[in-house]
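Engineer: First the structure, then my questions, so here it is.
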Amino acid sequence: MNLGDILSPGQINPEMQASNRWEAIDELINNLVQTGKIKPENRDQIGAVVKKRETSMSTGIGFGIGIPHASTDLIYEVVGAFGRSKKGINFDALDNQPVKLVMLFLVPQGQFQKHLLLLSSFARFLSNRDNRQKLETAPTAEEILAIFRSAT
């Protein structure tokens with residue numbers, strides 16, 4: 001699965017307003033509701049699952065990256081939303097630095113292998129400094145999506 005396969009321009013927010021990880025998760029989950037990727041009535045339950053996972057250990061992996069994620073039986077395909085914060089988000093990251101790039105994704109319950117593959121793909125892609133720099137400076141959601149789609 002290509003990283004760009006689970007995103008559309010509507011699922012990319014180049015101007016996140018969140019100031020902490022909980023607000024960032026809510027902002028990206030709201031995006032998934034607005035784009036029809038998750039049902040409005042499942043918003044709170046999915047948010048709780050992602051936040052529970054985040055409470056066990058921050059997904060702020062360093063280098064300005066946050067990858068909140070969870071498995072849930074409330075979806076039937078992998079879904080995701082990407083956000084960029086110019087000012088940075090307090091994510092309790094491993095390196096104590098603010099997070100500027102946040103990739104939230106959800107995997108259907110029981111698809112553990114797919115979950116791990118996606119997590120490692122995102123981490124590998126975002127750990128590349130050139131990729132991060134391109135994502136931080138791309139002016140539009142369409143250009144951000146093109147950067148993800150360029151990943152192999």
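The values are calculated or read from the model by the stated rules, or taken from the named source; none is laboratory data. Computed from a predicted structure; not experimentally measured. Here the Cβ is made from the backbone with ideal geometry for all residues, glycine too, and neighbour counts use every protein chain on show. These accessible areas exclude ligands, DNA and RNA; they are computed on the full protein's heavy atoms, side chains included. Shrake-Rupley method; radii C 1.70, N 1.55, O 1.52, S 1.80 Å.
Engineer: Pick out the one residue from Val49, Val33 that is out of contact with any His (no Cβ under 8 Å at 6 or more places or on another chain), open to solvent by 40 Å² or more (accessible area, probe 1.4 Å) and either assigned to a loop (DSSP other than H, G, I, E, B) or at pLDDT 95 or above (or both).
Structural biologist: Of the residues listed, the single one that is out of contact with any His (no Cβ under 8 Å at 6 or more places or on another chain), open to solvent by 40 Å² or more (accessible area, probe 1.4 Å) and either assigned to a loop (DSSP other than H, G, I, E, B) or at pLDDT 95 or above (or both) is Val49.
Engineer: Among Val99, Val79, which is modelled with pLDDT of 90 or more and closer than 18 Å to Gly47 by Cα?
Structural biologist: Val79
Engineer: I would also like to ask the following. Can you confirm whether Val78 is open to solvent by 10 Å² or more (accessible area, probe 1.4 Å), closer than 26 Å to Ala138 by Cβ, of a type in the set (Val, Ile, Thr) and without any contact (Cβ under 8 Å) to a residue 40 or more places away in the chain?
Structural biologist: So Val78 fails the test.
Engineer: Look through Leu145, Leu118, Leu135 and report the one residue that is crowded, with 18+ Cβ neighbours inside 10 Å, within 12 Å of the chain's Cα centre (by Cα), assigned to a helix (DSSP H, G or I) and among the hydrophobic types (A, V, I, L, M, F, W, C).
Structural biologist: Leu118
Engineer: I'm checking my understanding of the structure. Among residues of the stretch 4-30 that are touching a Phe, Trp or Tyr at 6+ places or on another chain (Cβ under 7 Å) and at pLDDT below 95, which one is surrounded by the fewest Cβ atoms within 10 Å (Cβ to Cβ)?
Structural biologist: So, considering only residues that are touching a Phe, Trp or Tyr at 6+ places or on another chain (Cβ under 7 Å) and at pLDDT below 95, the one surrounded by the fewest Cβ atoms within 10 Å (Cβ to Cβ) is Gly4.
Engineer: So is Glu54 part of a helix (DSSP H, G or I) and out of contact with any Leu (no Cβ under 8 Å at 6 or more places or on another chain) or not?
Structural biologist: yes
Engineer: Sticking with this structure for a sec: Report, by residue number, each residue of the stretch 63-95 that is outside any strand (DSSP E or B), on the phi > 0 side of the Ramachandran plot and among the small types (Gly, Ala, Ser).
Structural biologist: Residue satisfying the conditions is Gly64 alone.
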